[in-house]
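Everything on this sheet refers to the single structure shown next.
The values are calculated or read from the model by the stated rules, or taken from the named source; none is laboratory data. It should be emphasised that the depicted structure is a prediction, and the values quoted were computed from it without experimental measurement. For neighbour counting, all protein chains shown are included, and Cβ atoms are generated from backbone atoms with ideal geometry for every residue, glycine included. For accessibility, only protein heavy atoms count, side chains too; no ligands or nucleic acids. Shrake-Rupley method; radii C 1.70, N 1.55, O 1.52, S 1.80 Å.
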Amino acid sequence: MALPAYGSSMTHDPEQRPDFGPGGYLPRRAAQRARKIVLREQMGMGWPIAAVAAAVVVALVGAVFLFTATRGGPPGPPFVPVAPLTAADPDGAATFALDGAVGGVDAVLVVRAGGLRTYAAPGVAVTYCAASRRLETADRVWNLRGRLVGGDGDSLRPLATRLHDGQVYVDPTAPGPAPAPAPAGETPTCALTG
């Protein structure tokens with residue numbers, strides 16, 4: 001059986017043409033059924049009510065987040081105040097004693113050079129050497145990230161730090177893991193020149 005050519009009288013016959021869509025797109029019975037499925041029911045009030053409820057939930061969660069994220073006041077325990085930020089040289093470091101050896105940490109080393117970082121002091125006086133941009137003792141050298149790069153011993157253990165109204169707060173109860181020492185044969189620069 002040969003197919004009729006496009007535009008033949010068969011395609012113009014009203015009995016053969018579908019009610020919608022291009023000719024031959026769907027059989028007549030399938031086209032009627034598809035239209036019934038799509039147009040069977042309106043959306044109703046459930047959809048707008050669900051959208052408004054979702055918007056209210058998102059607004060409440062956002063309000064709670066903003067309230068807790070922007071609340072004023074210093075950090076609570078286990079954070080303890082160490083010193084004003086201005087007590088440490090902006091281009092160096094300073095060591096501050098903690099009252100009563102909180103959390104097993106007797107002193108905190110505050111480093112401002114290159115960003116605010118705090119470390120549990122290693123039990124000896126540590127100074128910042130501007131010439132080498134390193135933390136030094138008479139026989140050990142650390143970089144500003146707390147990694148031991150010269151001498152024998154351990155790297156410095158970092159402490160969680162918060163800054164509020166110019167005051168440095170640390171959590172001395174849970175020092176972080178110290179980076180692995182990487183002795184590179186660095187020698188104390190300031191101890192030799194000073």
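A few notes on this one:
- Residue-normalised accessible area of the stretch 101-194, given per residue in Å² at a 1.4 Å probe: 48
- Rounded to whole numbers, the Karplus 3J(HN,Hα) couplings from phi for the stretch 116-123 are 7, 9, 10, 9, 5, 5, x, x Hz, using 6.51 cos²θ - 1.76 cosθ + 1.60 with θ = phi - 60°, and x at Gly and Pro.
- Vicinal HN-Hα couplings computed from phi for the stretch 138-153 (Karplus, 6.51 cos²θ - 1.76 cosθ + 1.60; Hz; Gly/Pro x): 5, 10, 9, 9, 10, 7, 6, 8, x, 7, 5, 10, x, x, 9, x
- Between the beta carbons of Val57 and Ala130, assuming R0 = 41 Å, the FRET efficiency works out to 0.15 to the nearest 0.05.
- Summary of packing: across the peptides 48-58, 76-86, the per-residue average of other C-beta atoms within 10 Å ranks them, highest first, as 76-86, 48-58.
- Computed from backbone phi with θ = phi - 60° and the Karplus coefficients 6.51, -1.76 and 1.60, the 3J(HN,Hα) list for the stretch 170-182 is 10, 9, x, 7, 9, x, x, x, 6, x, 5, x, 9 Hz; x is used for glycine and proline.
- Placed amide H near Ala113: partners under 5 Å, 5+ positions off or other chain: Gly92
- 5 angstrom amide H check on Arg134, placed H, neighbours 5+ away: Cys129
- Using 0.36 nm per residue and subtracting the Cα-Cα separation, the extra length available between Ala50 and Asp91 on full extension is 9.1 nm.
- Length available on full extension from Thr173 to Leu116: 0.36 nm per residue minus the Cα-Cα distance, which gives 18.6 nm.
- Amide H within-cut-off set for Ala160, under 5 Å, with H built and near neighbours excluded: Asp171, Gly176
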